[in-house]
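To start, the structure under review is shown below, and the notes come after it.
The values are calculated or read from the model by the stated rules, or taken from the named source; none is laboratory data. Just so it is clear, the model here is predicted, and its values are computed rather than measured. So basically every Cβ, Gly included, is an ideal-geometry build from the backbone, and we count neighbours across all protein chains shown.
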């Protein structure tokens, strides 16, 4: 909606409520992505410093959409938008925004504004924001927080960065094992704002605050007030505070958990993980694997040119070295190529088909390793399956390509050479695609990061070597 359209709507006597509803319809497309016309309205209002218009536009958006909007704005426009958000909205947006943009906004915000925003967040989101602050500002913010909150944040920051302790929410709903349903409900009602903003289970604990079981809120509400919690509690899947976040995400997925208690080494309950946190971990892990397979890191849409180059150039340099090594095979067979020039036409085909086959196997292997579907117990069977798949696919494509070569060049020996080279390269592609990630995983390396370079090298090298070597044996 352009400014002229907007002005005509107002001139036609539309109420402010109708304008807001119209803006809500304009803000998002059918795919829930921000409409470019709406972004243009925000940019225009920010450039003009129109505070009233900005507040009206922002009111039409969910905090998650405002966080998305920040990625489409310049640094100056972001600062203008942030100035017109109340602490609650600001807190919700900071917890949703892209890390690179969030760091920039945190640097620009005053410590006082940040402290007010942190007061609206759960402990897990507070820790996530505080760890992004520069040391000086972090010290200022922590000093301004209440002693209890500061101690809790410092304790969480002491845990490893990728651990459950860093991810967990410290607020939990717990009750002694001797309480009844009625006592628990009365306590939660009286606690009011001191209760966690989001929880799915009430953890039944012993005098040492160690969880004995859990009562889902849905079950709690279906029983009489006199029912002891100990009678209706269910077994819990506990998450150690030092467990890796991706390991915790695997447990959530495997056991279909909505929440889980986080415990210290002695078994004491110190927090909880909820499914909204785990969804974020799963999404980030998936994005990292996809980018790693391409040899890049998540530099984000607001990344600098230098950052983008640094994330990609090292892998391209490594690929240059492996490509040069593979090409050395061609140099060793110059005489063969000089006598059978047709081989120069066929070499890229053999190499490319093998590379695609290896990439398919590699993608399947990396996914299976990340989802724990591939391990020592079944690796032999999976390797055998992938090799058999490679040989069968290679044989089918070998017949097709050999037939085409026979028709085009009327040379049965060349057709046989190409067919055998395809089968050999597909065999190597399957082995490299499955073995490279398995070996890297067992060495403690991320299989998604380096495997693609190894597979590409293996299929290029073998493609050239098989075609030219077989040609020397059969055709010369």
Restricting the first residue to the stretch 371-382 and requiring it to be more than 27 Å from residue 281 (Cα to Cα), which pairs with a second residue that is part of a helix (DSSP H, G or I) meet a Cβ separation below 9 Å and a spacing of at least six or different chains?
382/364; 382/365; 382/368; 382/434; 382/438
Residues located in the stretch 383-411, provided they are at pLDDT below 90 and either in contact with a strand residue (DSSP E or B) (Cβ under 6 Å, 6 or more places away or on another chain) or farther than 21 Å from residue 351 by Cβ (or both)
410
Can you find even one residue in the stretch 50-65 that is assigned to a helix (DSSP H, G or I), at pLDDT below 80 and out of contact with any helix residue (DSSP H, G or I) (no Cβ under 7 Å at 6 or more places or on another chain)?
no
Modelled with pLDDT of 95 or more and touching a strand residue (DSSP E or B) at 6+ places or on another chain (Cβ under 6 Å): is that true of residue 240 in this structure?
no
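Looking at 225, 231, 210 in this structure, which one is closer than 23 Å to residue 177 by Cα, in the same structural domain as residue 269 (by TED's automatic domain parsing) and touching a helix residue (DSSP H, G or I) at 6+ places or on another chain (Cβ under 6 Å)?
On the way: 231 fails: touching a helix residue (DSSP H, G or I) at 6+ places or on another chain (Cβ under 6 Å); 210 fails: touching a helix residue (DSSP H, G or I) at 6+ places or on another chain (Cβ under 6 Å).
None of the other options fit; the residue is 225.
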Is there any pair linking a residue in the stretch 329-355 that is over 16 Å from residue 400 (Cα atoms) to one that is modelled with pLDDT under 85 and part of a loop (DSSP other than H, G, I, E, B), with Cβ under 8 Å and at least six apart or on different chains, and which?
336/476; 339/476; 340/476
Only strands (runs of 3 or more DSSP E) wholly contained in the stretch 154-220 count here; list those with 3 or more residues that are closer than 18 Å to residue 241 by Cα.
211-216
Considering only the stretch 392-414, I want to know if a residue exists there that is closer than 22 Å to residue 452 by Cα, in contact (Cβ under 8 Å) with a residue 12 or more places away in the chain and surrounded by 15 or more Cβ atoms within 10 Å (Cβ to Cβ).
yes
Provide a single number: the residues in the stretch 253-274 that are buried (at least 16 other Cβ atoms within 10 Å of the Cβ) and either assigned to a strand (DSSP E or B) or touching a strand residue (DSSP E or B) at 6+ places or on another chain (Cβ under 7 Å) (or both).
11
Go through the stretch 152-186 and give me each residue that's more than 27 Å from the chain's Cα centre (by Cα), under 14 Å from residue 203 (Cβ atoms) and buried (at least 16 other Cβ atoms within 10 Å of the Cβ).
173, 174, 175, 176, 179, 184
Anything in the stretch 88-100 that is within 13 Å of residue 129 (Cβ to Cβ) and part of a helix (DSSP H, G or I)? List them, or say none.
90, 91, 92, 93, 94, 99
Within the stretch 436-455, track down each residue that is over 23 Å from residue 324 (Cβ atoms) and assigned to a helix (DSSP H, G or I).
437, 438, 439, 441, 442, 447, 448
Of all the residues that make up the stretch 133-151, how many are surrounded by fewer than 11 Cβ atoms within 10 Å (Cβ to Cβ) and in a helix (DSSP H, G or I)?
5
In the stretch 105-132, what residues are in contact with a helix residue (DSSP H, G or I) (Cβ under 9 Å, 6 or more places away or on another chain), closer than 29 Å to residue 265 by Cα and not in a helix (DSSP H, G or I)?
121, 131, 132
Does residue 428 satisfy being at pLDDT 90 or above, assigned to a helix (DSSP H, G or I) and under 24 Å from residue 331 (Cα atoms)?
yes
